[in-house]
Structure formats: structure tokens, C-alpha cells
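The values are calculated or read from the model by the stated rules, or taken from the named source; none is laboratory data. What you see is a predicted model; the values in this text were computed from it and never measured. Every residue, glycine as well, gets a Cβ built from its backbone with ideal geometry; the counts of neighbours run over all protein chains shown. Accessible surface is based on the protein model in full, side chains and every heavy atom, while ligands, DNA and RNA are left aside. Shrake-Rupley method; radii C 1.70, N 1.55, O 1.52, S 1.80 Å.
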Amino acid sequence: MTRAEEIERHQPVRGPRVKKGLVIVNTGDGKGKTTAAMGVLFRAWGRDMRVVMLQFIKHTTARFGEQRAAKKIGVDILAYGDGFTWRSKDMDRTQEMARIQWNVAKEKIASGLYDVVILDEFTYPMHYGWIPVAEVLEVLKARNPDLHVIITGRSAPPELVEYADLVTEMRAIKHPYQEGIKAQPGIEF
Ligand code: ATP
Ligand code: MG
């Protein structure tokens, strides 16, 4: 393919729309889904846009680097979960917490108070069937058309991938974990 053809291929089919809220999905089993979403949060915040990140699964009391940064710049990153893994003992509680966080997400989406809403690790409650994908799609379709919503996590449901405007799959090529290197502060949490 020539360079001209390559450029042509990447042109929009219709005329460009100036403003459109996007549904963005960062999925796949490589690293970078959450941090890419936070890059957008930072970029949008820099433009005085109103941003919020709701973290599913991650422990309610987590004090990761991103939460510390958010506090310093006056942005809300709200974690509500019990740090679920497949070894969790109280799955009912894990599910209930995800549903409570989803109710908060719906309020934030409908509030008109935000330009960007990030639902971090939100693919898991859908993937495990705790929150119906159809309900999520209804909420996304009913949102203010200017609102950007970013969803992260592995195993994004196909219906969500189909509906989203921008989907990126992170693919793991190498991870220090495979070499027995532990998670590094500031890089992984
Ligand atoms: P990050 O938060 O660093 O952007 P992520 O959101 O893409 O990562 P998750 O699937 O949410 O990744 O997992 C979170 C943690 O698991 C991170 O500490 C990350 O470094 C680690 N991780 C991600 N991908 C892999 C992998 N392929 N092998 C081992 N650990 C991984
Ligand atoms: Mg993540």
C-alpha cells in the first residue's frame, strides 16, 4: 500500500463531527488499560474538563499512586470493591459491591456534571454476569451525547465492543512478573 492509500484509508467515511462523546474500551491481557484511561483523565483535566474515575473491584481503601495524585489535583477517583480475585471467599459481597458502584456510575453518567466518566475494571462485573451488558448499553445510549465514557478491563463483552467507538486491545509481549519481579510502586500501583 502506498503512503497516499494508507492516509486515505484512515480518513473518516462521513464528514467530521466536531463534538461527540465517545465510548472507549481498553481491553486485552497486556498492561496499560487503566493507565491509558488515566492518561485521558489527566489530559482532559488539563483542559478544565470535568472528570471522574470509578474503580470497580479494587479495594475501597486502596491508596494507589493514582488516588494520591487525584487527591492532590482535586479529581475524584472513587474505589469501591473488596479487591476481588477468583479466590475471593465472599463472592456475594463482591457482586453486591459491584452493583452498588454501578448505581453510583449511573448517577454520575446522568448527572450532567461530567465530561469524562471512567469505569475502571468494569468489564469484570459484566463478564461474570453480575451486571447485564444490555443494561449497560441502555445507560450508554441514553447518556448526554457529549459525554465520553471509558471502560477498562480484560474480557470486554462482545456487545460492548460492538457498540463502542474506540476499542484498543493491549497485548502482553513481556511482563516483569513472568521473571518473578514484583509490582513496582509508581509503575504498577
Ligand atoms: P495498569 O493499571 O498498569 O495500566 P492494566 O489496567 O492494563 O494495568 P490489569 O489487568 O487491571 O492491568 O491488572 C493490574 C495489574 O496487573 C497491574 O499491576 C499490571 O502491571 C498487572 N498486569 C497487567 N498485565 C499483566 C500481565 N500480562 N502479566 C502480569 N501482570 C500483569
Ligand atoms: Mg486495570
Long-range neighbours under 7 Å by Cβ, at least six apart or interchain, first residue touching a residue at least 40 places away in the same chain (Cβ under 8 Å) within segment 120-132, second of a type in the set (Phe, Trp, Tyr): 120/56; 121/56; 122/56; 124/56; 125/56; 125/102
Residues satisfying the stated conditions in segment 43-94, i.e. open to solvent by 80 Å² or more (accessible area, probe 1.4 Å), at pLDDT 95 or above and under 23 Å from residue 107 (Cα atoms): 45, 48, 50
Looking only at segment 90-115, which residues are away from ligand 2 (no atom under 16 Å from the Cβ), touching a strand residue (DSSP E or B) at 6+ places or on another chain (Cβ under 7 Å) and either more than 20 Å from residue 24 (Cβ to Cβ) or touching a residue at least 60 places away in the same chain (Cβ under 8 Å) (or both)? 97, 100, 114, 115
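Find the helices (runs of 4 or more DSSP H) located wholly in segment 116-189 whose residues include 2 or more that are more than 24 Å from residue 80 (Cβ to Cβ) and away from ligand 2 (no atom under 16 Å from the Cβ), and list them. Walk me through how you get there before you give the answer.
Details: elements: 123-127, 133-142, 158-163.
Passing ranges, in order: 158-163.
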